[in-house]
1. Considering only protein heavy atoms, with the full assembly of protein chains and a 1.4 angstrom probe, order 145, 89 by accessible area, largest first.
2. I need the shape label for region 64-134. Rule: rounded when a/c is under 1.5, else prolate if a/b > b/c, else oblate, with a, b, c from the alpha carbon gyration tensor.
3. Tell me, what HN-Hα J-couplings in whole Hz come from the Karplus equation 6.51 cos²θ - 1.76 cosθ + 1.60 at θ = phi - 60° for each residue of region 105-112, using x for Gly and Pro?
4. Could you rank 108, 80 by how accessible they are, 1.4 Å probe, largest area first?
5. Got a number for the accessible area of residue 95? Probe 1.4 Å, square angstrom, nearest 10.
6. Ordered by residue, what ³J(HN,Hα) values in Hz, to whole numbers, does region 85-102 give under the Karplus form 6.51 cos²θ - 1.76 cosθ + 1.60, where θ = phi - 60° and Gly and Pro are x?
7. Go through 169, 156, 146 and say which Cα lies farthest out towards the positive end of the charge dipole of region 74-222; charges sit on Cβ, +1 for Lys and Arg, -1 for Asp and Glu.
8. For region 91-135 and region 141-210, what is the separation of their Cα centres, given in Å?
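The values are calculated or read from the model by the stated rules, or taken from the named source; none is laboratory data. Since we're looking at a predicted model, the values are computed, not measured. Note that we place each Cβ from the backbone using ideal geometry, even for glycine, and neighbour counts take in every protein chain shown. Calculation scope for accessible area: heavy atoms of the full protein, side chains included, ligands and nucleic acids excluded. Shrake-Rupley method; radii C 1.70, N 1.55, O 1.52, S 1.80 Å.
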Amino acid sequence: ALIFPGRAGDALARLARAPEDALVRNALWQSGADPRTIAALCRRSAINWERWYVPSAVRAPAGAAGLGAVLRRDLTAWLVDDILLKLDKMSMAASLEARAPFLDHELVEFICRLPLEARYAARGKRWLRSAYRGALPPEALARRKQPFRPHVADWFRSQLGMTLEATIGRAGSFTARYLDRPTAQGLLDAHRRGADHALLLLSLLVHETWWQRFFASPADAA
């Protein structure tokens, strides 16, 4: 991690400190956090954060390979509760009917029956690009992914960071009740100095917004 400064080094450091549990490791990787950060944030909670981070409902059967467990989680939780949710909400907000043709149930069932080794070998959309060779122009097949990435990191260094700071500072906030507020403030401060805690800070803000909307009393919001 010291040899590769910046995001590459941070990623290597997180991987080196990752738990053995493949599901927890994958969830932490997606969140951009590491176990020490999450453990410090949850130190006031009686919840075992590793079990909470990956609910038992999406765990693979005992003895399943790590890759199989991660794929099962992606299919039953991340796909359903994140990617498809965004697709449906954002398209409906623009009065569009969106479809995900590669989620045709027969195709998904076929892929799920393939050995894990074959599915791993197909990473990078290798099979998909091969299947459409000749039907699509070469520049389309060679084009890199272009994910939608809003400038969340910059937002938390400006007005959104001030909003989060004011929110976690309230006596009745979610952070004050269930998390370690100095740790949360420290993450925000470090982010403002150049570290990248954008995903974790966004998660904190979402929790706070959810808490204020559905559970907080008027006195808590003061």
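1. The ordering from most to least exposed comes out as 145, 89.
2. Verdict is oblate for region 64-134.
3. 4, 5, 5, 4, 4, 5, 4, 5
4. So, going from the largest accessible area down, we get 80, 108.
5. Spelled out: residue 95, probe radius 1.4 Å, area about 110 Å².
6. 4, 5, 4, 5, 5, 6, 6, 5, 5, 9, 6, 10, 9, 9, 10, 10, x, 6
7. 146
8. 32 Å
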